[in-house]
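Working notes, structure below.
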Amino acid sequence: MYQDSQLVLKKDVPTGRAAWRSPSNIALVKYWGKHGNQLPRNPSVSLTLSESYSETSVSYRPRSAADAGAFSFLFDAKEEPAFADRIGKYLTELQPIFPFLDQLHLDIRSRNSFPHSSGIASSASAFSALALCLCSMEHQCFNTLDDDKAFRKKASYVARLGSGSASRSIFATAALWGQYGEEPESSDEFAIGVKDQLHETFQSYGNAILLVDSGSKSVSSSAGHRLMEDHVFAQVRYSEARKNLLQLMQALHSGDTERAGLLIEVEAMQLHAMMMASRPYVILLAPNTLKIIHLIQEFRKSTKLPVYFTIDAGPNLHLLYPQENRSDVVAFIEDVLVQYCLRGSWIDDRVGNGPVQID
Ligand code: DP6
């Protein structure tokens, strides 16, 4: 869709720099199962986070014969061969979209606001930050992406090719990725911002990330998505996700925190049920994840507060709550839940305003 052989530097190849801070996001309806080139089997919706982000800069200059490769990459000022390898493949794949990359040498530097070992998925923030840098570079070199909407659409498309969930990190507050009948502009190829569809309660929602276990994932996202290919429940799951999305969007719109919360929890449990029912089966929930789930259920019963959880492909939980209940929730975490977290650690995050360009 974005292949463009015109984007070749004609005369003087410039030097320059682009840098972005881009957040992670938490899916409320989960993307689990893909096909073709990073296309989702069902639409998903997420809240954009605020404090969990990647900062990435790309300095570019004309490539010379003396350059050993097309780019150098440092993560936290250190070499990370596994990341560099994934970035190298990504840049090669992007060549038809950004043909000028062949003319440049890139120095890429990246860091995360959260510890790498925390078990938070970093691919969404990392690939969205890099995709935004590449789109900024295109604009600096060719003046093609002046319109903010067009810029974000392309950045989301490019981010998706690195990691599906990264397509959703481009937008403030909330994003929807995948074709969905109720949204004429939605697409499997890029996400769209859906901030306007959220009741204001959800636009400032709190998101406490409870770090239960930092162990590196026993199944990568790509391997996890592959487990859906021959899954006996795959078709049922994809249609459930659509139904859940329809109902959740209504609840998010009307400000119904209880109805939204229940749907969000069902989504998290369906994701893990799919993993546990695949061949080979995968269990990513830890004993303390289940303990915390029970404690949240009890807390809800006794306080009647709309505090709900979601979980991605790992053992950590995200506690979602309205800002007006913040002090009760923080007390509940500090007094009751932290003992089940790894070294008592949790991240005090919230819904955020999306990526920002940095110096
Ligand atoms: C469980 O976006 O990490 O977090 O496209 O293979 O990089 P790739 O997968 P990824 O999958 C995310 C799965 C999830 C649910 C979600 O974020 O929607």
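The values are calculated or read from the model by the stated rules, or taken from the named source; none is laboratory data. Predicted model only: the values in this text are computed from it and were never measured. All Cβ positions, even for glycine, are placed from backbone atoms using ideal geometry, and neighbour counts span all protein chains on display. The area values use the complete protein model at the heavy-atom level, side chains included, leaving out ligands, DNA and RNA. Shrake-Rupley method; radii C 1.70, N 1.55, O 1.52, S 1.80 Å.
Some points to look at:
- Among the residues of region 297-318, those that are away from the ligand (no atom under 16 Å from the Cβ) and either assigned to a loop (DSSP other than H, G, I, E, B) or touching a residue at least 24 places away in the same chain (Cβ under 8 Å) (or both) comprise Phe299, Thr303, Lys304, Leu305, Pro306, Val307, Tyr308.
- Contact map, region 39-66: first residue within 16 Å of the ligand (Cβ to nearest atom), second residue β-branched (Val, Ile, Thr) and not in a strand (DSSP E or B), Cβ cut-off under 9 Å, separation 6 or more or different chains; pairs are Val45/Val194; Leu47/Thr173; Thr48/Ile170; Thr48/Thr173; Ser52/Ile120.
- Filtering region 21-38 to residues that are of a type outside the set (Ser, Thr, Tyr) and either more than 10 Å from the ligand (Cβ to nearest atom) or within 15 Å of Gly224 (Cα to Cα) (or both) leaves Arg21, Pro23, Lys30, Trp32, Gly33, Lys34, His35, Gly36, Asn37, Gln38.
- Qualifying residues in region 344-355 (those that are in contact with a Leu (Cβ under 8 Å, 6 or more places away or on another chain) and of a type outside the set (Asp, Glu)) - the one most open to solvent (accessible area, probe 1.4 Å): Arg350
- Pairs with Cβ under 9 Å, 6+ apart, first in region 20-35 and on the phi > 0 side of the Ramachandran plot, second part of a loop (DSSP other than H, G, I, E, B): Gly33/Arg41; Gly33/Asn42; Gly33/Leu227; Gly33/Met228; Gly33/Glu229; Gly33/His231
- Every test in (1) within 16 Å of the ligand (Cβ to nearest atom); (2) touching a residue at least 60 places away in the same chain (Cβ under 8 Å); (3) open to solvent by 10 Å² or more (accessible area, probe 1.4 Å) is passed by Thr257 save one, and that test is (1).
- Once region 163-193 is narrowed to residues that are within 13 Å of the ligand (Cβ to nearest atom), small (Gly, Ala, Ser) and open to solvent by 10 Å² or more (accessible area, probe 1.4 Å), the residue that is nearest to the chain's Cα centre (by Cα) is Ser165.
- For region 207-226, residues that are surrounded by fewer than 21 Cβ atoms within 10 Å (Cβ to Cβ) and modelled with pLDDT of 95 or more total 2.
- A residue that is within 16 Å of the ligand (Cβ to nearest atom) and open to solvent by 20 Å² or more (accessible area, probe 1.4 Å) occurs nowhere in region 194-204.
- Among the residues of region 319-339, those identified as part of a strand (DSSP E or B) and of a type in the set (A, V, I, L, M) are Leu319, Leu320.
Residues are listed down the side, and each one gets a yes or a no for (1) open to solvent by less than 50 Å² (accessible area, probe 1.4 Å); (2) not hydrophobic (A, V, I, L, M, F, W, C):
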site	(1), (2)
Glu267	yes, yes
Leu285	yes, no
Glu324	no, yes
Ser327	no, yes
Gln357	no, yes
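- Only one entry of Ser128, Ser110 meets the criterion of being in contact (Cβ under 8 Å) with a residue 12 or more places away in the chain, open to solvent by 10 Å² or more (accessible area, probe 1.4 Å) and hydroxyl-bearing (Ser, Thr, Tyr), and that entry is Ser110.
- Subset of region 270-283 that is surrounded by 14 or more Cβ atoms within 10 Å (Cβ to Cβ) and assigned to a loop (DSSP other than H, G, I, E, B) - its residue that is farthest from the ligand (Cβ to nearest atom): Ala277
- Any hit, region 74-84, residues being surrounded by fewer than 20 Cβ atoms within 10 Å (Cβ to Cβ), more than 13 Å from the ligand (Cβ to nearest atom), acidic (Asp, Glu) and at positive phi: yes
- Scanning region 134-155 turns up no residue that is open to solvent by 10 Å² or more (accessible area, probe 1.4 Å), within 16 Å of the ligand (Cβ to nearest atom) and under 30 Å from Asn316 (Cβ atoms).
- Hey, Leu262 away from the ligand (no atom under 16 Å from the Cβ), within 17 Å of Thr310 (Cα to Cα) and open to solvent by 50 Å² or more (accessible area, probe 1.4 Å) or not: yes
- Across region 87-106, the number of residues qualifying as under 15 Å from Ser136 (Cα atoms) and more than 20 Å from the chain's Cα centre (by Cα) comes to 7.
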